[in-house]
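For reference, the structure is listed below as structure tokens.
The values are calculated or read from the model by the stated rules, or taken from the named source; none is laboratory data. Model, not experiment: these values are computed from the prediction. We place every Cβ from the backbone using ideal geometry, glycine too, and count neighbours over all the protein chains shown. Surface areas here come from the heavy atoms of the whole protein model, side chains and all, with no ligands, DNA or RNA. Shrake-Rupley method; radii C 1.70, N 1.55, O 1.52, S 1.80 Å.
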Amino acid sequence: MSEVANTIFSPELAARFDHLVTIYPMRRSALVPMLLYAQDEVGYVSDAVVTEIAQRIGLLELDVRNVLSYYSMLRTKPAGKYNVQVCTNISCMLRGGYEILDHCKAKLGIGHKEVTKDGVFSLEEVECIGACCWAPAMQVNYDFHDNLTTIKVDEIIETYRAGQGKDVK
Ligand code: FES
């Protein structure tokens, strides 16, 4: 049974949150992981997510919003079904990361943090995703794609467009 009655989260996530707030010396240390898990389940950090997480940790909603506005990987609007995250950090930048990002912008017709009209794709420029040895790299939802070329990016995007990609929502 969840700590919070009428939780907006699934029973599994509510139970995870009940546990998370007990494992750190300070409850507020659970804030960032909770926001990330909530984002994965809900699709973005909605007002309702902020309200419940503040309640679960015992923080003001303003405290949650302050953290939310700091981390670029947290979003307050829904992403596309497939969220394309292109790394332009140093290794990727040196191996064509900006070319890949510009190619994605042109191909999808959207910019950083934007969503295609049909809601299928969103695009983000991100910091290092831990695939530096295989730069340039990107993630679509949580799937890694590396050693990218513009041709490879086209193939990846078409695979997702055809509904054959991983969908975390
Ligand atoms: S710099 Fe791009 S994955 Fe590390």
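A few notes on this one:
- Using a probe of 1.4 angstrom and keeping all protein chains present, the accessible surface of the chain works out to 54 square angstrom per residue.
- With a Cα cut-off of under 18 Å and a minimum spacing of 8 residues unless on different chains, the lysine pairs in the chain number 16.
- Top positive-direction residue, dipole computed over the chain with Cβ charges, set Asn66, Ala48, His103: Asn66
- The value of relative contact order for the chain, using C-alpha pairs under 8 Å at least six residues apart, is 18 percent.
- Database remark: amide H of Gly80 closer than 5 angstrom to the amide H of Ser122 (H placed geometrically; neighbours at sequence offset of 5 or more, or on other chains; Pro and chain starts carry no H).
- DSSP-assigned coil residues among chymotrypsin sites (Phe, Trp or Tyr not before Pro) in segment 82-163, each with at most 12 further Cβ atoms within 10 Å: Tyr142
- Shape of segment 1-69, Cα gyration tensor, a/c cut at 1.5: rounded
- For segment 32-83: relative contact order, % (alpha-carbon pairs under 8 angstrom, 6 or more apart): 43 percent
- Inter-centroid distance (Cα atoms) of segment 7-23 relative to segment 96-146, Å: 31 Å
- Segment 1-63: chymotrypsin sites (Phe, Trp or Tyr not before Pro) falling in loop per DSSP and having at most 16 other Cβ within 10 Å: Tyr44
- Cysteines without a disulfide-compatible neighbour (Cβ-Cβ under 4.7 Å), the chain: Cys104, Cys128, Cys132, Cys133
- Accessible-area composition of the chain, carbon plus sulfur, in percent [1.4 Å probe]: 55 percent
- Leading residue at positive end of dipole, segment 79-161 (Cβ point charges), from Val84, Met138, Phe121: Phe121
- The calculated 222 nm mean residue ellipticity attributable to helices in the chain amounts to -12500 deg cm²/dmol, summing -39500 (n - 2.57) over DSSP H runs of n ≥ 4 and dividing by all residues.
- Rounded to the nearest 20 debye, dipole of segment 1-112 from Cβ charges on Lys, Arg, Asp, Glu: 340 debye
- Exposed loop sites, defined as GluC sites (Glu not before Pro) outside DSSP H, G, I, E and B with at most 15 other Cβ atoms within 10 Å, are absent from the longest region of the chain, namely 4-126.
- Size of electric dipole in segment 31-169: Cβ of Lys, Arg +1 and of Asp, Glu -1, about Cα centre, debye, nearest 20: 120 debye
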